[in-house]
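K.L.:
Could you have a look at this structure, given as structure tokens, before my questions?
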Amino acid sequence: MDSTPPTHPIEQIAQRVERLLQQHAELQRSNELLSAQVAALSQERDSLKSRLKAARARVDALIERLPPTPKDAE
């Protein structure tokens, strides 16, 4: 575009619309990237929750296998 300021209101509106369209396209790209990040992080969170649940089950099973302490035996 020309670097001189537009003289007609129509030119001003056209330039403003062009800037808004560019900004809209940039925001759409940003939104797509952020949506992909959210999906990846959600999947990672779900995986970590599953691993935590499995680890807790293993710890609980190990605790069950421990012999009772003398205090518990009374």
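Bear in mind these aren't lab numbers, they're just calculated from the coordinates by the rules spelled out. The structure presented is a predicted model; accordingly, all values stated were derived computationally and were not measured. No Cβ is skipped: glycine too gets one built from the backbone with ideal geometry, and neighbour counts run over all protein chains shown.
K.L.:
For the pair E18/R65, report the inter-label distance in nm, with labels modelled 7 Å from Cα in the Cβ direction.
P.N.:
Output for this residue pair reads 7.3 nm.
K.L.:
Please determine, in degrees from 0 to 90 and to the nearest 10, the orientation of helix 9-65 with respect to the longest principal axis defined by the Cα atoms of the chain, where the helix direction is its Cα long axis.
P.N.:
0
K.L.:
Would you mind calculating the gained length between L41 and A54 on full extension (0.36 nm times residue separation, minus the Cα-Cα distance), in nm to one decimal?
P.N.:
2.7 nm
K.L.:
Dimensions of the chain along principal axes (Cα, Å, largest first)?
P.N.:
Largest first, the chain extends 96, 19, 16 Å along its Cα principal axes.
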